[in-house]
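See structure below.
The values are calculated or read from the model by the stated rules, or taken from the named source; none is laboratory data. Just so it is clear, the model here is predicted, and its values are computed rather than measured. Cβ coordinates were reconstructed from backbone atoms using ideal geometry, including for glycine residues, and neighbour counts include every protein chain displayed.
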Amino acid sequence: MKDPPKLLRDLLEGIDPRSGHFLEHIRTYNSMFSFTSIGGKVEGQINDGSGPPQFIISGQNYHRIGSLIPNEGDTPKFAQLYIYDTKNEVANRMNHFSELTRRSPTDPTLVAELMVMIDQENVLAKNFRRVRDHIEAGSTPNIALRLFRDHSNENRMYDLPTNDEIAALIVGDFDSSDCGRDIILRTNSGSMQRIYETHVSFLPLQYPLIFTNGRGGYSRKFKLNKNSTKSKQWKRKKVSLREWVAFRLQERDHECKSILRSRRLFQQFIVDCYSMVESSRLFYLRRNQNKIRKDFLSGVEEAVDRGDTDAATLGARIVLPSSFTGGRRYMFDNCQGAMAICRTFGYPDLFLTITCNPKWPEIQRHTSKYGLQVYDRPDVACRIFHMKLNSLMTDFKKGDFFGKAIAGMYTIEFQKRGLPHAHILLWLHPLDKLNTIEKIDSVICAELPDPVKYPKLFELVSSMMVHGPCGLSNKSSPCMKNGKCSKFFPKKFVDVTSFDNDGFPIYKRRRTGVTTNRRGVELDNRFVVPCNAKLLMKYRAHINIEYCNKSN
């Protein structure tokens with residue numbers, strides 16, 4: 001990535017006095033200069049100020065671009081703003097994004113400075129300005145701009161960007177039948193056209209504040225590095241889109257960090273990249289249905305075995321194989337694998353849930369270097385959580401906490417606020433089964449520890465394993481449904497662990513007199529979430545542990 005201009009670098013690094021305002025509203029500023037519109041529906045209801053901001057989209061995501069000039073009576077949009085009515089361009093941009101600017105007030109002076117920066121640095125903007133000059137000259141009625149899908153030069157690493165590699169200006173009538181997936185923008189087509197994810201300008205057109213020079217997008221021509229032994233065995237010669245995105249999201253000391261310091265724009269960028277990868281995978285499967293014909297035929301055979309005789313209910317136009325993550329066959333194969341484990345080892349013994357702790361020192365050490373919050377670097381939080389989860393599963397295999405685990409499985413989910421957590425099932429060795437009340441109590445505790453004897457453990461349980469406050473003390477708690485706690489807190493005081501009529505455990509919660517203060521409310525053992533002291537001390541995260549109900 002080329003280093004950004006000084007103005008943008010100072011804004012991203014906090015040197016410019018307007019940096020705080022810019023970083024808070026960076027998505028708005030980027031939208032004001034983007035050449036394309038984003039097609040996915042942005043879900044903003046969750047960003048109500050009660051939690052960290054998240055970027056969430058629903059529906060199909062795509063990028064679209066319009067004609068060079070708007071229809072008569074229409075206001076200019078996106079790329080048209082670089083061509084139409086440039087005398088009042090700052091006002092036009094702010095008026096076009098009036099809804100955004102009302103929610104995220106912008107600085108007209110900063111908008112003007114950013115506009116000058118993009119005009120000087122961005123080759124895409126320069127090409128649109130060339131179109132403006134031709135239109136203002138009025139010499140030809142028909143004009144079009146052709147944005148090439150791939151750069152013509154293979155050895156781009158040390159080359160300065162040139163306009164001829166990016167686009168071509170076409171004057172007069174032309175035949176676009178051989179344009180392939182190049183983007184052809186006519187003077188006034190009256191319609192929007194979709195840009196393919198594999199177009200080299202797909203991301204630079206949408207993120208001018210990240211790709212400030214209009215270059216740096218993914219190209220099918222990127223060659224796969226053949227230095228490693230593994231890559232020499234591959235038949236594929238080019239870098240895939242997923243590999244390129246993973247490469248871009250890594251942090252390098254010798255490279256600018258404009259992507260990683262973009263905060264909420266970085267959230268949008270990685271969501272957009274994920275949808276690009278998914279779209280490219282689906283497009284490949286659609287074009288290669290003959291290679292997965294076996295799955296299709298087996299599905300027909302299964303339908304016949306079930307007795308389906310209506311031909312309209314058989315088959316599918318597009319078949320997703322089990323290798324497509326999240327597809328129906330993928331989920332079915334994983335479910336079959338889980339059922340096979342249950343058939344072999346019986347009922348699971350323990351059910352655990354571990355949630356990413358945003359205060360882990362590994363996360364804080366990395367984000368504090370640049371003055372960022374955890375939600376500004378979701379990639380770092382996910383990578384560290386994955387490492388912790390792998391370490392946790394390794395400990396279970398070694399038998400460090402509950403004895404030897406002979407089988408286990410987990411699934412990773414994401415909370416509404418963006419943090420990952422994993423649900424884990426464990427099967428213990430027959431010699432380590434929790435078949436007595438004493439063994440259950442040795443593994444699972446639902447009480448506050450003695451703050452004098454165990455001050456560190458008391459602090460961890462108080463901060464991570466105490467539910468609430470809810471109920472009459474806090475009726476607005478997220479767990480409250482119809483005036484009651486959906487998690488059934490507070491529990492009852494009991495002196496001995498037992499089981500209810502349905503086979504669910506009732507953990508020991510004695511009236512010890514030990515309490516902890518949360519949000520001005522004193523909470524006792526009735527609000528403690530079942531946990532394991534050793535796990536809590538080692539991993540310092542919310543780790544809920546439950547004895548599995550054998551019959552339900």
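Some points to look at:
- Region 403-424 - residue that is touching a Ser or Thr at 6+ places or on another chain (Cβ under 9 Å) and surrounded by 14 or more Cβ atoms within 10 Å (Cβ to Cβ) and, of those, farthest from Arg540 (Cα to Cα): Ala407
- Taken over region 486-514, residues that are closer than 26 Å to Arg540 by Cα and assigned to a strand (DSSP E or B) amount to 3.
- From the options Cys273, Cys256, residue that is modelled with pLDDT under 90, crowded, with 16+ Cβ neighbours inside 10 Å and not acidic (Asp, Glu): Cys256
Quick grid of which residues meet (1) loosely packed, with under 14 Cβ neighbours inside 10 Å; (2) outside the structural domain of Arg526 (by TED's automatic domain parsing); (3) in contact with a helix residue (DSSP H, G or I) (Cβ under 8 Å, 6 or more places away or on another chain):
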| site | (1), (2), (3) |
| --- | --- |
| His467 | no, no, yes |
| Cys470 | no, no, no |
| Ser473 | no, no, no |
| Asn482 | yes, no, no |
| Asn501 | yes, no, no |
| Pro505 | no, no, yes |
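- Residue check for Val304: surrounded by 16 or more Cβ atoms within 10 Å (Cβ to Cβ), at pLDDT below 85 and farther than 28 Å from Cys382 by Cα: no
- Checklist (1) under 30 Å from Gly44 (Cβ atoms); (2) at pLDDT below 90 applied to Ser228, failing item: (1)
- Residue match in region 540-549 (condition: surrounded by fewer than 18 Cβ atoms within 10 Å (Cβ to Cβ) and over 33 Å from the mean Cα position of the chain (by Cα)): yes
- So Pro70, is it at pLDDT 80 or above and more than 29 Å from the chain's Cα centre (by Cα): yes
- Of Ile57, Ile46, all but one fail to be touching a Lys or Arg at 6+ places or on another chain (Cβ under 7 Å), surrounded by fewer than 18 Cβ atoms within 10 Å (Cβ to Cβ) and modelled with pLDDT under 85; the exception is Ile46.
- Unique residue being within 30 Å of Leu282 (Cβ to Cβ) and at pLDDT below 95 when the list is Gly403, Gly315: Gly315
- Residues that are assigned to a loop (DSSP other than H, G, I, E, B) and loosely packed, with under 15 Cβ neighbours inside 10 Å, drawn from region 15-43: Ile15, Pro17, Arg18
Per-residue answers, yes or no, for (1) in a helix (DSSP H, G or I); (2) buried (at least 18 other Cβ atoms within 10 Å of the Cβ); (3) at pLDDT 75 or above; (4) assigned by TED's automatic domain parsing to the domain that holds Ser201:
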site	(1), (2), (3), (4)
Val111	yes, yes, yes, yes
Leu124	yes, yes, yes, yes
Val131	yes, yes, yes, yes
Ile135	yes, no, yes, yes
Asn153	no, no, no, yes
Met157	no, no, no, yes
Leu160	no, no, no, yes
Phe174	no, no, no, yes
Arg181	no, no, no, yes
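- Any hit, region 423-437, residues being closer than 19 Å to Pro505 by Cα, under 33 Å from the mean Cα position of the chain (by Cα) and of a type in the set (Val, Ile, Thr): yes
- In the condition set (1) outside any strand (DSSP E or B); (2) surrounded by fewer than 16 Cβ atoms within 10 Å (Cβ to Cβ); (3) free of Cβ contacts under 8 Å to residues at least 60 places away in the same chain; (4) among the polar types (S, T, N, Q), Asn517 is compliant with all but (1).
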